[in-house]
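Throughout, read-outs are computed from the coordinates displayed, never taken from laboratory work. Quick caveat: nothing in here was measured; it's all calculated off a predicted structure. So basically every Cβ, Gly included, is an ideal-geometry build from the backbone, and we count neighbours across all protein chains shown.
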């Protein structure tokens, strides 16, 4: 149960908020307060969602995952985009590209991002092949 002291604290806070509106009609003041609160809550929900999605990408797309991609056969590598949920989204592909230090933009299409990532691993394999051939 709420006691009288708690109600008085709530009323004091309401009085301070309404005092900011001075001669504004109460309906307009309440509409303004409602809009501000709704906007704030909406922004908080978006930031929490963004943090969760980035956290999930970080859990899946880590150094071990990148090493496994490097070790994959080049013919099987494109299939990884369909089998890993985090790589089915543009945000996930951007996250992976960022981890690989690829220069991309948010305007890149999903197909372009996949192409950049596949090209990156193909270049790494070619470089390793050339190094091994030189050693022989």
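For helix 90-99, what angle does its Cα long axis make with the longest principal axis of the chain, in degrees from 0 to 90 and rounded to 10?
60 degrees
Beta carbons within 10 angstrom, averaged per residue: use that to sort the peptides 9-16, 27-34, highest first.
Descending packing order for the listed peptides: 27-34, 9-16.
Quick check on region 1-48: take the gyration tensor over C-alpha atoms, sort the square-rooted eigenvalues as a ≥ b ≥ c, and tell me if it's rounded (a/c under 1.5), prolate or oblate.
Oblate.
How large are Rg and Dmax for the chain when only the alpha carbon atoms are used, in Å?
26.6, 87
Rounded to the nearest 10 degrees, what's the angle between the helix 4-19 long axis and the longest principal axis of the chain, both from Cα atoms, 0 to 90?
Taking Cα atoms only, the helix is inclined about 80 degrees.
Starting from the coordinates of the alpha-carbon atoms of region 61-136, obtain the Kirkwood hydrodynamic radius over all distinct pairs and give the value in Å to one decimal.
13.0 Å
Relative contact order (percent) for region 3-110, with alpha-carbon contacts under 8 angstrom and 6 or more residues of separation?
Dividing the mean separation by the residue count of region 3-110 yields 15 percent.
Before anything else, pin down the relative contact order of region 61-136: Cα pairs under 8 Å, at least 6 apart, normalised by residue count, whole percent.
29 percent
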